[in-house]
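Chemist: Next up is a structure, given as structure tokens.
The values are calculated or read from the model by the stated rules, or taken from the named source; none is laboratory data. This is a predicted model, so every value here is computed, not measured. Here the Cβ positions follow ideal geometry from the backbone for every residue, glycine too, while neighbour counts run over all protein chains shown. Just so you know, the surface numbers come from the protein's heavy atoms only, side chains and all, with ligands and any DNA or RNA stripped out. Shrake-Rupley method; radii C 1.70, N 1.55, O 1.52, S 1.80 Å.
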Amino acid sequence: MSISSENNNIINIKLVLLGKYFVGKSALIYRYISDKFPKEYDTTLEDQYKKSMTIEDIKCNVEILDTSGKDNYESMIDTWIESGNCYLLVFALDDPDSFEKIKIRYERILEIKNNNQEFSVLIIGNKCDLNESERKVNKDEVEKFTKENGVEYLETSALNKINVKEAFTEVVHDYLLKTKLNDNDKGGICCPCF
């Protein structure tokens with residue numbers, strides 16, 4: 001089974017946030033972990049956080065990996081993808097190039113994970129607090145991409161605390177469901193916590 005378990009009651013999951021720089025990956029994590037919006041921005045290379053969550057009575061220890069979105073760390077992308085079970089692909093609603101970047105990241109996840117269906121991806125359009133005139137990413141294009149690829153999409157705002165907890169919970173929940181379904185399809189024994 002691809003999920004690791006410290007004991008029969010707790011599942012360990014690695015969640016990786018990928019996206020261009022300045023899209024709000026770190027702000028989303030900070031809001032989720034501390035329920036606060038960061039007052040200052042520090043450029044991220046790679047930071048790790050841990051958060052426990054319970055989804056449908058399943059206890060999970062989630063290791064959250066905050067990655068750099070800068071091009072000079074491109075060589076680390078494959079390592080970050082290989083290490084993950086869950087992915088939040090984050091783009092900023094005021095930055096069309098950031099949406100193009102997550103399309104590339106999504107394709108790379110598929111290449112690296114190959115036939116392993118035991119991973120989950122959620123596309124995040126961050127900064128949904130912006131007014132319509134500030135939004136630069138075409139919503140129809142986002143919906144077309146997510147529909148064609150069978151990926152869920154959620155708009156968030158780390159600033160205004162909109163859908164932040166839901167994003168982290170949804171991607172982990174989806175992963176747990178996929179893992180359970182794949183174990184049942186293989187005729188294996190399901191994790192005792194299901």
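Chemist: How far, in nm, would the chain grow between ASN12 and MET76 when pulled straight, counting 0.36 nm per residue and subtracting the alpha carbon separation? Mind showing how you got there, number by number?
Modeler: Details: separation 64, 0.36 × 64 = 23.04 nm, distance 2.23 nm.
Net length gain for the segment: 20.8 nm.
Chemist: Computed on alpha carbon atoms, what radius of gyration and Dmax characterise the range 44-173, expressed in Å?
Modeler: 14.8, 42
Chemist: Using 7 Å Cα-to-Cβ label points, what is the ASN138/GLU56 separation (nm, one decimal)?
Modeler: For the pair ASN138/GLU56, the computed spacing is 3.7 nm.
Chemist: Given the whole protein assembly as supplied and a 1.4 Å probe, what does the accessible area of GLU111 come to in Å², nearest 10?
Modeler: Roll a 1.4 Å probe over it and GLU111 shows about 110 Å².
Chemist: What's the local net charge at ALA158, with K and R +1, D and E -1, over the other residues with C-beta under 13 Å away?
Modeler: Details: positive: LYS25, ARG31, LYS36, LYS39, LYS127, LYS161, LYS165; negative: ASP35, ASP66, ASP129, GLU155, GLU166.
Spelling it out: positives minus negatives among the neighbours equals +2.
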